[in-house]
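J.: Can you read through this structure? Questions will come right after.
The values are calculated or read from the model by the stated rules, or taken from the named source; none is laboratory data. Because the structure is predicted, anything quoted here is derived from the model rather than measured. With ideal geometry, Cβ positions are generated from the backbone for all residues, glycine too; neighbour counts draw on all protein chains shown. Please note that ligands, DNA and RNA were not included when accessible areas were found on the heavy atoms of the full protein model with its side chains. Shrake-Rupley method; radii C 1.70, N 1.55, O 1.52, S 1.80 Å.
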Amino acid sequence: WESGPALVQTVDFFTPVVDDPYTYGQISAANALSDIYAMGGRPLTALAVAAFPKEGLDREIIRAIVRGGFDKLREAGVSLLGGHTVQDPEIKFGYAVTGAIDPARVLSNAGAQPGDLLFLTKPLGTGVVATAIKFDRASADLAHEAIASMRTLNRAAAEALHPLPPDAVHACTDVTGFGLAGHGSGMAAASGVTLVIKAGQAPRFAGVLAIARQNQSGGLGTNREHYGRGVEVRDGVGLDFEALLYDPQTSGGLLVAADPRYADEVAERLQQAGVHAPRIGEVAPPRGSCRMVVEP
């Protein structure tokens, strides 16, 4: 790093999204690390943030949660320095993460330019699947696919982008609790542009559209209420996919706005890194208050 490293910090924690405590710990760690990767940084250290009930929770469950998180941090090359636990009737777990970043190569959601091509590095639908799991309405294959995605670090995608020239990627954000509509709208507002999303090209878990209407979380409705006015959905886009736009993602993928001159190289590097990241649209000039246009 020519200008010397700087620090970037983030914190994220949430209630369980799966039944298995070890897997929950892994997902919590992958999710907490995601913001560092989205900014182009390298996570270095973490502090655990946890809330457990005083009674009624087996100690082995707590150990499994902590072990799952620790193993995922170790996979990422991150040192766990300690943490803090409080008593709470509802389980919560996550991390505060510190990373190193090159000040000359910080990625933000504010640099997208008209003509940029958009890539998404993970499928949509984790919120729908997590809701379906709670009510035993998700098939084993669908649950397995979504859980595997949530456990996967965004490290490979971030590292694939790092060797590119500094102007190859204009903007990046991770798609988490506010869904594609929310995080995409945030990128559009910060950049002074409008995102055009091709619904048919956006990745989603196999079979998730079939259960989307029946498994919409409260967070999905809140996202739709908050961001819906700035999203224009064209005829031909099904209601099921529209739900995925607002679906709150846990440990979702990176939304990347790439300069069209480097778009093929971005796609190639991601593919070589084993990351399935289809082009899902492009960046257009601003259209008034419209942040996102969704086409079939």
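J.: Please go through the stretch 60-75 and pick out each residue that is touching a residue at least 12 places away in the same chain (Cβ under 8 Å) and within 23 Å of the chain's Cα centre (by Cα).
T.: Selection gives ILE65, VAL66, ARG67, GLY68, GLY69, PHE70, ASP71, LYS72, LEU73, GLU75.
J.: Still on this structure, please answer the following. Go through the stretch 139-150 and give me each residue that's within 13 Å of GLN26 (Cα to Cα) and surrounded by 20 or more Cβ atoms within 10 Å (Cβ to Cβ).
T.: ILE147, SER149, MET150, listed by residue number.
J.: Is one or more of the residues making up the stretch 239-250 in contact with an Asp or Glu (Cβ under 9 Å, 6 or more places away or on another chain) and closer than 30 Å to PRO166 by Cα?
T.: Yes, there is a match, as at least one residue in the stretch 239-250 is in contact with an Asp or Glu (Cβ under 9 Å, 6 or more places away or on another chain) and closer than 30 Å to PRO166 by Cα.
J.: Tell me which of these GLN113 doesn't satisfy, since it passes every other one: (1) touching a Ser or Thr at 6+ places or on another chain (Cβ under 8 Å); (2) within 24 Å of VAL169 (Cβ to Cβ); (3) open to solvent by 10 Å² or more (accessible area, probe 1.4 Å); (4) free of Cβ contacts under 8 Å to residues at least 60 places away in the same chain.
T.: Evaluating GLN113 over (1) touching a Ser or Thr at 6+ places or on another chain (Cβ under 8 Å); (2) within 24 Å of VAL169 (Cβ to Cβ); (3) open to solvent by 10 Å² or more (accessible area, probe 1.4 Å); (4) free of Cβ contacts under 8 Å to residues at least 60 places away in the same chain leaves (4) as the failure.
J.: What residue, of ASP136, ASP167, is on the phi > 0 side of the Ramachandran plot and open to solvent by 40 Å² or more (accessible area, probe 1.4 Å)?
T.: Result of the check over ASP136, ASP167: ASP136.
J.: Scan (1) within 28 Å of PHE13 (Cα to Cα); (2) surrounded by 17 or more Cβ atoms within 10 Å (Cβ to Cβ) for the single condition VAL233 breaks and write down its number.
T.: Of the numbered conditions (1) within 28 Å of PHE13 (Cα to Cα); (2) surrounded by 17 or more Cβ atoms within 10 Å (Cβ to Cβ), the odd one out for VAL233 is (1).
J.: Let me ask another. Anything in the stretch 60-107 that is open to solvent by 70 Å² or more (accessible area, probe 1.4 Å), in a strand (DSSP E or B) and not β-branched (Val, Ile, Thr)? List them, or say none.
T.: The answer is LEU81, HIS84, GLN87.
J.: Being farther than 22 Å from HIS170 by Cβ and under 20 Å from the mean Cα position of the chain (by Cα) is the filter here, so list the residues in the stretch 78-99 that pass it.
T.: Listed by number, the residues that qualify are VAL78, LYS92, PHE93, GLY94, TYR95, ALA96, VAL97, THR98.
J.: I'd like to know if the stretch 32-45 contains one or more residues that are over 27 Å from PRO163 (Cα atoms) and of a type outside the set (D, E, K, R).
T.: No.
J.: Right, next: Of the residues that make up the stretch 249-266, is at least one among the hydroxyl-bearing types (Ser, Thr, Tyr) and surrounded by fewer than 17 Cβ atoms within 10 Å (Cβ to Cβ)?
T.: No, every residue in the stretch 249-266 fails to be among the hydroxyl-bearing types (Ser, Thr, Tyr) and surrounded by fewer than 17 Cβ atoms within 10 Å (Cβ to Cβ).
J.: A further question follows. Please count how many residues of the stretch 21-59 are in contact (Cβ under 8 Å) with a residue 40 or more places away in the chain, more than 16 Å from SER251 (Cα to Cα) and assigned to a loop (DSSP other than H, G, I, E, B).
T.: Qualifying residue count for the region: 2.
J.: Does any residue in the stretch 206-227 that is within 12 Å of ASP240 (Cα to Cα) come within less than 8 Å, Cβ to Cβ, of a residue that is open to solvent by 80 Å² or more (accessible area, probe 1.4 Å) six or more places away or on a different chain, and which pairs are these?
T.: GLY207/ASP141; ILE211/ARG137; ARG213/LEU239; GLN214/ARG137; ASN215/PHE135; ASN215/ARG137
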